[in-house]
Amino acid sequence: MALKHFDEMSFQEALAQPGLLIVDFWADWCGPCKLLGPVIEQLAMSYTGRAVVGKVNVDDEPELAQRYGIMSIPSVLFFKDGQEIDRKIGVMPPQEFIKVIDANI
Amino acid sequence: MNYDLIVLGSGPAGLAAAVAARGRGKSALVIGNRWEDSPLAKAERLDNYLGLPGRTGYELLEAFHRHAEDAGVCFAVGRAISLMAWNGFTVTVGTDMYQGRALVMAPGVVRQTKYPGEQEFLGRGVSYCATCDGMLYRGRDVVVAGRTPDAPEEAKFLQSIGCRVTYTAPKRPAELDGSIPFVQAGRLEIRGEQAVTSVSLDGTELPCACVFVLRASLAPTDLLPGLETEGGYIKVDRAMRTNVEGVFACGDCTGAPLQVAKAVGEGHVAGLSACEYLDRQNA
């Protein structure tokens, strides 16, 4: 499944769905976010049909970023059935995200 | 940009590793701060580097750099801020990204003892990178704890994007822009609840939303969690291999004696080991 680019509305729609939602908060000017990009894309592919994976650009959606207390990017938030269950801040290899996903899928 | 070998650290160890790799026909990128700013460059006299007694640290470093440049080593000046060990190694330096197939860590020894609250609030009001996180704090109070020569420049950047900056250091740097308030302090304590709310500077509390702790380099274990250390140094075997495949370490970061002669020797070994690793990958 292709990586979803969320805006406020599509994010709310995704949050309303049951199951796992993974959201990467990023920005153009953030070097480490570029490092994480391919990892998030890989996760989207690997978990097609089992989890929804998307990104939120904090410059395009500043209110959304603020509402979720994004103070450092990249920040990857994990939601299950609409509730935040975990968040990972900073760059890390795929295994760290896979651990959270597999434990909650 | 892709390289065979990425070297983190532009001191004697890193340069020796890069030169050794070039000798084996591998491409090498050395990422590091300006060598003129390194502590070694300020050493007045070295008498224990074989064949070159009585030189200043500056002279030795200059010669090492010239050798590396002549050998075709590539350079990126700056601090490696994040590292992804996946499908090789990718490193960010500011907004630039570099890819390598093997990694040599030669960051030297940098005083890395974290301030109270630093680890706790990392990512929640503590940041190591002004260009990475500054935009999230536009219009808010931030403190720059400058512990590296390029910190004043990063403070200026933060100010230019609209952060209200206060700079703190044990001594006021000459390069600090006059318009940035300065607080002289040696002791720093970061405070907050869910996120940082203030910083205590030698006992005086200053409200702020973010503290940018800018040291010369990130601790190797911050860049690469899972890297094994022993007694505060990176653990290596005789081939300068760390516990992470494809990652080698050399120089002061592997421990005593903290001497140029040792750094160069270990750098050479690390470079050769990295080449051997790369050749095995290709086989």
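The values are calculated or read from the model by the stated rules, or taken from the named source; none is laboratory data. This one's a predicted model, so the numbers in the text were calculated from it and none came from an experiment. In this analysis, Cβ positions are derived from the backbone assuming ideal geometry, glycine residues included, and neighbour counts consider all displayed protein chains.
Here is a yes/no grid of residues against (1) in contact with a helix residue (DSSP H, G or I) (Cβ under 8 Å, 6 or more places away or on another chain); (2) of a type in the set (Phe, Trp, Tyr); (3) crowded, with 24+ Cβ neighbours inside 10 Å; (4) assigned to a helix (DSSP H, G or I):
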{"site": "B:ILE6", "(1), (2), (3), (4)": "no, no, yes, no"}
{"site": "B:LEU15", "(1), (2), (3), (4)": "yes, no, yes, yes"}
{"site": "B:ALA18", "(1), (2), (3), (4)": "yes, no, yes, yes"}
{"site": "B:ALA21", "(1), (2), (3), (4)": "yes, no, yes, yes"}
{"site": "B:GLY25", "(1), (2), (3), (4)": "no, no, no, no"}
{"site": "B:VAL30", "(1), (2), (3), (4)": "yes, no, yes, no"}
{"site": "B:GLU36", "(1), (2), (3), (4)": "yes, no, no, yes"}
{"site": "B:LEU40", "(1), (2), (3), (4)": "yes, no, no, yes"}
{"site": "B:GLU44", "(1), (2), (3), (4)": "yes, no, no, no"}
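Among the residues of the range B:25-68, which ones are among the aromatic types (Phe, Trp, Tyr), at pLDDT below 95 and over 15 Å from B:GLY251 (Cβ atoms)?
Taking the range B:25-68 first, the residues among the aromatic types (Phe, Trp, Tyr) are B:35, B:49, B:58, B:64.
Now drop any that are not at pLDDT below 95, which leaves B:35.
Correct list: empty.
Looking at (1) in contact with a Lys or Arg (Cβ under 7 Å, 6 or more places away or on another chain); (2) of a type in the set (Gly, Ala, Ser); (3) assigned to a loop (DSSP other than H, G, I, E, B), can you tell me which one B:SER179 breaks?
(1)
List the number of the failed condition for A:ALA103; all other conditions in (1) more than 12 Å from the chain's Cα centre (by Cα); (2) not in a helix (DSSP H, G or I) hold.
Every condition holds for A:ALA103 apart from (2).
Got a sec? Which helices (runs of 4 or more DSSP H) wholly within the range A:1-87 have at least 3 residues that are touching a Gly at 6+ places or on another chain (Cβ under 8 Å) and in contact (Cβ under 8 Å) with a residue 40 or more places away in the chain?
Result: A:8-16.
Report, by residue number, each residue of the range B:211-242 that is buried (at least 17 other Cβ atoms within 10 Å of the Cβ), touching a helix residue (DSSP H, G or I) at 6+ places or on another chain (Cβ under 6 Å) and over 24 Å from A:GLU96 (Cβ atoms).
Scanning the range B:211-242 gives B:PHE212, B:LEU214, B:VAL236, B:MET240.
Among the candidates B:VAL91, B:VAL126, which residue alone is within 14 Å of chain A (Cβ to nearest Cβ), modelled with pLDDT of 95 or more and more than 17 Å from the chain's Cα centre (by Cα)? Working first, answer last.
Details: B:VAL91 fails: more than 17 Å from the chain's Cα centre (by Cα).
Just a single option satisfies the conditions, and that option is B:VAL126.
How many residues are in a loop (DSSP other than H, G, I, E, B) and buried (at least 18 other Cβ atoms within 10 Å of the Cβ) if we restrict to the range B:95-109?
Here the count works out to 3.
What tally of residues in the range B:142-159 results from selecting those that are more than 20 Å from the chain's Cα centre (by Cα), away from chain A (no Cβ under 14 Å) and hydrophobic (A, V, I, L, M, F, W, C)?
So the answer is 1.
So, in the range A:64-99, exactly how many residues are surrounded by fewer than 19 Cβ atoms within 10 Å (Cβ to Cβ) and either among the hydrophobic types (A, V, I, L, M, F, W, C) or facing chain B (nearest Cβ under 8 Å) (or both)?
Counting residues in the range A:64-99 that are surrounded by fewer than 19 Cβ atoms within 10 Å (Cβ to Cβ) and either among the hydrophobic types (A, V, I, L, M, F, W, C) or facing chain B (nearest Cβ under 8 Å) (or both) gives 6.
Which one of A:LEU36, A:LEU3 is at pLDDT below 95, within 13 Å of another protein chain (Cβ to nearest Cβ), touching a strand residue (DSSP E or B) at 6+ places or on another chain (Cβ under 7 Å) and surrounded by 16 or more Cβ atoms within 10 Å (Cβ to Cβ)? Spell out how you get there, then give the answer.
Numbers: A:LEU3 fails: within 13 Å of another protein chain (Cβ to nearest Cβ).
Among A:LEU36, A:LEU3, only A:LEU36 is at pLDDT below 95, within 13 Å of another protein chain (Cβ to nearest Cβ), touching a strand residue (DSSP E or B) at 6+ places or on another chain (Cβ under 7 Å) and surrounded by 16 or more Cβ atoms within 10 Å (Cβ to Cβ).
Taking into account only those residues within the range B:69-86 that are among the β-branched types (Val, Ile, Thr) and surrounded by 16 or more Cβ atoms within 10 Å (Cβ to Cβ), which is farthest from the other protein chains (Cβ to nearest Cβ)?
My answer is B:VAL73.
With B:GLY139, B:GLY162 as the choices, which residue is within 13 Å of chain A (Cβ to nearest Cβ), in a loop (DSSP other than H, G, I, E, B) and touching a Gly at 6+ places or on another chain (Cβ under 7 Å)?
Just a single option satisfies the conditions, and that option is B:GLY139.
Name the residue that is surrounded by the most Cβ atoms within 10 Å (Cβ to Cβ), counting only residues in the range B:195-210 that are of a type outside the set (Ser, Thr, Tyr), closer than 22 Å to B:THR131 by Cα and more than 13 Å from chain A (Cβ to nearest Cβ).
Ranking the candidates gives B:VAL199 first.
Check off (1) over 27 Å from A:ALA65 (Cα atoms); (2) in contact with a helix residue (DSSP H, G or I) (Cβ under 6 Å, 6 or more places away or on another chain); (3) buried (at least 22 other Cβ atoms within 10 Å of the Cβ) for B:PHE89 and give me the number that stays unchecked.
(2)
Looking only at strands (runs of 3 or more DSSP E) that fall completely inside the range B:194-283, which ones have 1 or more residues that are in contact with a Ser or Thr (Cβ under 6 Å, 6 or more places away or on another chain) and under 26 Å from A:LEU35 (Cα atoms)? Full working, then the answer.
Details: elements: B:196-201, B:204-207, B:210-214, B:247-249.
Hits in the range B:194-283: B:210-214, B:247-249.
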